[in-house]
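Structure first, then comments.
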Amino acid sequence: AKEKGRDNAQFFTPEMANVVTKKFGFEKEINEALAYDQFSLVYQPKVLMEKGHILGLEALIRWNHPIKGVISPADFIPIAEESNLIVKIDEWVIDQALQQQKIWRDQGLVNLPISVNLSGRHLVSDSLVAYVSEKLAQYDLAGNLLEVEITEGVLLQDIKRCIAVMAELKALDIKISVDDFGTGYSSLSYLKRLPLDILKIDQSFVEECDSHTEDAKICETIIHLARSLELGIVAEGVETAQQADMLQSLGCEIFQGYYFYKPMKSNEVALLLSEECVE
Ligand code: C2E
Ligand code: CA
Ligand code: CA
Ligand code: CA
């Protein structure tokens, strides 16, 4: 009883009250951001090295805060992931990306698959698959125009549930990538059990793959692993020709990074896609 009393007392410390207020403020701000169109998407192309063709786009969220300016997702997604706010944000992203697909199609541009980043909480929730199929139907789009990127950590928390949800996504023809591959605590056995399509080599390995033999070896190992499991491979965060050359010599063909394209606004993507059509 004494222990419990102490816990109770702790609950009411000013620090705690401060955290609660902050969280409440954050929730209010996110809801306002959704209500007043403060979020936007930028798109970063994925490039096939050999021909320079764009194979797909990754949607990345930006928060254009009226007072604080542009806030990076690295600063608000992790907080949103602590609650169901992340589901609201991820749903907004899916809706926005698919709406954009419809616009590009109506403009007569080619439709490339757009990948969205999903939080683990959302992946294992009951609502994801229903939401996605509803949105595909609403915008009259095929499932292969959407892909999802999921970080490794998530996959181990509830593997049975992950397998079930992923099977439903695959039934909709949606591809699944493992994001930041190599940075989680993956036992390799999950790669075999889950219906995955692509591994994305984390940019921390790419960064020094041209100067540190250890990083090059890790990249090489991931590339071989992907090959032997018949998974696609994408290198992210490629910033220099040297990195791209090194990765290509190790067997990687699909790249993402500032060396090729930075994340760009939808109108810039439209321009790029219309140029691609002309070629
Ligand atoms: P991520 O999914 O690993 O995305 C890659 C990040 O690296 C992006 O940062 C991208 O702008 C950046 N990047 C791309 N090429 C390069 C490069 O050559 N060099 C460097 N240094 N960076 C590069 P961003 O947009 O700030 O996003 C950060 C993270 O926030 C993402 O990492 C993802 O985990 C999360 N995130 C972004 N958008 C969303 C979203 O819509 N939903 C969710 N749940 N998470 C998101
Ligand atoms: Ca990603
Ligand atoms: Ca990543
Ligand atoms: Ca990352």
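None of the figures in this text is laboratory data; all of them are computed from the coordinates on show. A quick note: this is a predicted structure, and the numbers were derived from the prediction, not measured. Glycine gets a Cβ as well: all are built from the backbone with ideal geometry, and neighbour counts include every protein chain shown.
Brief remarks follow.
- Screening residue 271 against (1) under 19 Å from the mean Cα position of the chain (by Cα); (2) part of a helix (DSSP H, G or I); (3) away from ligand 1 (no atom under 16 Å from the Cβ); (4) surrounded by fewer than 18 Cβ atoms within 10 Å (Cβ to Cβ) leaves a single unmet condition, (1).
- Within region 193-213, residues that are over 14 Å from residue 250 (Cα atoms) reach partners that are part of a loop (DSSP other than H, G, I, E, B) and away from ligand 4 (no atom under 16 Å from the Cβ) with beta carbons closer than 8 Å, at six or more positions or on different chains, in the pairs 196/231; 197/231; 198/231; 199/231.
- Selection count where residues are farther than 24 Å from residue 45 by Cβ, more than 16 Å from ligand 1 (Cβ to nearest atom) and not aromatic (Phe, Trp, Tyr), scope region 163-185: 7
- When restricted to residues that are β-branched (Val, Ile, Thr) and under 17 Å from the mean Cα position of the chain (by Cα), region 95-131 contains 4.
- Between 82, 27, the distinction of being surrounded by 15 or more Cβ atoms within 10 Å (Cβ to Cβ) and away from ligand 2 (no atom under 16 Å from the Cβ) belongs to 27 only.
- Condition check for residue 244: within 13 Å of ligand 1 (Cβ to nearest atom) and assigned to a helix (DSSP H, G or I): yes
- Taking the numbered list (1) of a type in the set (Lys, Arg); (2) touching a residue at least 40 places away in the same chain (Cβ under 8 Å); (3) in a strand (DSSP E or B) in turn, residue 88 passes all entries but (3).
- Pairs are defined by a Cβ separation below 7 Å, a sequence spacing of at least 6 or placement on different chains, a first member in region 141-163 that is closer than 19 Å to residue 197 by Cβ and free of Cβ contacts under 8 Å to residues at least 40 places away in the same chain, and a second member that is more than 16 Å from ligand 4 (Cβ to nearest atom) and aromatic (Phe, Trp, Tyr); the pairs so defined are 155/190; 156/190; 159/190.
- Scope region 49-69; condition under 24 Å from residue 98 (Cβ atoms) and away from ligand 2 (no atom under 16 Å from the Cβ); matching residues: 53, 54, 63, 64
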